[in-house]
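The values are calculated or read from the model by the stated rules, or taken from the named source; none is laboratory data. Nothing here was measured: the structure is a model prediction, and the numbers come from that model. Cβ: placed from backbone, ideal geometry, glycine included. Neighbour counts: every protein chain shown. Calculation scope for accessible area: heavy atoms of the full protein, side chains included, ligands and nucleic acids excluded. Shrake-Rupley method; radii C 1.70, N 1.55, O 1.52, S 1.80 Å.
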Amino acid sequence: MGGYQDANYYRGSWCCRLILFVIWLPTFLHVTAQESHADHRRTTSLVELAKEPTSGDSGLFDPIEISPSVIPKVPFPTESVPPMYPIPYVPTRYEPVLTGKCPVNFSRPEISNILDKAAFDCFGPLASLVGNVVCCPQFSSLIHIFQGFFGMKSNNLVLSNAVADHCFSDIVSILASRGANNTIPTLCSIKSSNLTGGSCPVKNDSTFERTVNTSKLVEACRTVDPLKECCRPVCRPAIMDAALQISGRQMMINNDNMAGEMNHTDYLNDCKGVVYSYLSKQLSSEVANKAFRILSACKVNKVCPLTFKEPSDVIAVCKNVAAPSPTCCSSLNTYIAETQQKILITNKQAIICATQFGSMLRGGGVMTNVYELCDVDLKDFSIQALLAFGVQDAGCLLRSLPGDVIFDNSSGVSFTCDLSDNIAAPWPSSSSFTSLSFCAPEMSLPALPISQSLKNIGCNSAGVGFLVIFTFFVSIVVLRF
């Protein structure tokens, strides 16, 4: 009788089901597995397009921490990109006046192509609008690639101060002659000293290769996944590790007699520039540029680039509303319009901006979702009109993946807007703003031990122990036969 009751107990438990699964597993191993691929053509909904791969190319997972309905579309690499947004303007090109003191052939394809890309991405008056997302990341990548290209036939990873000044001046002149804004250095806070390695103690290949595991570094950055790198980075920590090694910073930190040490961040950044230069020498310019742009995209999409002043006027008229209010909505829309009138931002940045601003409103006592009451969309947080180019009501959000400004002889300059429909801005659940994550839990959290995972689904200690032992036994049998 007691044995019958025990059988009923195990039959109804999760442990019993898991044990039955383990017993069935060996027979399953004799079945020929077929590889399954996600059918990209059938992925049409906004939620599905927002999913990102976990492993391989076919795995998909859901975003977390924010409503999936506001996650922007992320096209698959094989999927056609959204239509270009044309600017009816063709930049004027002319022959640049160079210093003649930079010993580089700028007509070589490996550097000329990257110069062209940077010139379009930083095109004239458009540069300040896309500076944070497109222009400055590409200009920074150009500087890294040029630094490596300069030392390609030598042992050097950096330029001398005098040569750096001349070459940097030539780069800016060439970009301007191809239609770029000539204020790029100021816009992007990049100077000729970025080519010199600054205070980094390692400035040549020989010392670098004696200090760093270069094969591991190059392999980590040779193929950078644009989706996975932002959640479970591979290239970025490899660059940071190499920069720490060549900077000797750990030795400096432990040296109590070290006086007047420069800012740690500046010191490390100088060495990161040297690491980028080494990678640029080892990788093709196209591969290096792609990797550097992806790393920049991961960084810029973590924060909102807009500056929100205290929304006291909005709070005053929206604090007690429970239904659409013309006064509240007018004040809210005016505030947002004044905040976003200067730059284009990405879809992910817009989500962060909307959440950050909503948290400020909630902190001031606005408990009602005024975004919904006043029809505030994500694209409202990006610039709405490009009047300088004769374009109105753009309402454009740039893609979160690295993108470029494209030039065509017939249509002029174009850039890609990711969202053309009206997706509601997310209203935060609290007044305490924390950084948002667009990564799935399995991409950022360590796996639980087997015993803890089994307990979480209902197995007691005895069941767990039995299952582990039984699994071990079955594994031995399967491996033997």
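Summary table
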quantity: Convex hull projection area averaged over all views, the stretch 305-377, Cα basis, nm²; calculated: 4.4 nm²
quantity: Accessible-area ranking of E95, E229, largest first, probe 1.4 Å; calculated: E95, E229
quantity: Most to least accessible of T183, T92 (protein chains only, probe 1.4 Å); calculated: T92, T183
quantity: Where trypsin sites (Lys or Arg not before Pro) fall in DSSP loop in the stretch 149-258, at most 10 other Cβ within 10 Å; calculated: K153
